[in-house]
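What follows is one structure encoded as structure tokens, with my remarks underneath.
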Amino acid sequence: MSIPVLLFASYADAFGSRCLDVPLEAPCLVADLVCVIRSMPGGNSLPTAPLVAVNRTWVREGAAVQVGDEVALIPPVAGG
């Protein structure tokens, strides 16, 4: 089983895709998901604590990811 993760902007560029299928079974923790993503090609582009959204809500690393959840990695943004 795998968990689809949406990628945007610089993360999509780093991984060469707008979506990753992360080889991990749900339920799992966001921290576990990020750990597996770091081990994938392009994973070194992630900061120490990347922003993660589950079902369009910001979550912390201890949050759970369930089957069918929409998961997204949000890159740092700058504004002025």
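The values are calculated or read from the model by the stated rules, or taken from the named source; none is laboratory data. Note that the structure is predicted; figures quoted are calculated from it, not measured. For neighbour counting, all protein chains shown are included, and Cβ atoms are generated from backbone atoms with ideal geometry for every residue, glycine included. Protein only, heavy atoms only, side chains kept; ligands, DNA and RNA dropped before computing areas. Shrake-Rupley method; radii C 1.70, N 1.55, O 1.52, S 1.80 Å.
Could you work out what % of the accessible surface of the chain is carbon and sulfur, using a 1.4 angstrom probe and leaving DNA, RNA and ligands out of the count?
Accessible surface attributable to carbon and sulfur in the chain totals 56 percent.
Helix-only mean residue ellipticity at 222 nm, the chain, DSSP H runs n ≥ 4 weighted -39,500 (n - 2.57), per residue, nearest 500. What is it?
Only helices count here, giving -5500 deg cm²/dmol.
Mind checking the full-extension length gain between Asp21 and Ser39? Use 0.36 nm per residue of separation minus the Cα-Cα distance, one decimal, nm.
In short, 5.2 nm is gained.
Can you tell me the accessible area per residue over the chain, all protein chains present, probe 1.4 angstrom, in square angstrom?
I get 61 Å² per residue for this part.
Using the charge dipole of the chain (Lys, Arg: +1 at Cβ; Asp, Glu: -1 at Cβ; taken about the Cα centre), state which of Ile3, Leu46, Val36 has its Cα farthest towards the positive end.
Leu46
Taking the Cα centre of the chain as origin, sum charge times position over the Cβ atoms of Lys and Arg (+1) and Asp and Glu (-1), and report the length of that vector in debye to the nearest 20.
180 debye
How much length would be gained if the chain were fully extended between Ala64 and Ser10, taking 0.36 nm per residue of separation minus their Cα-Cα distance, in nm to one decimal?
Answer, rounded to one decimal: 16.9 nm.
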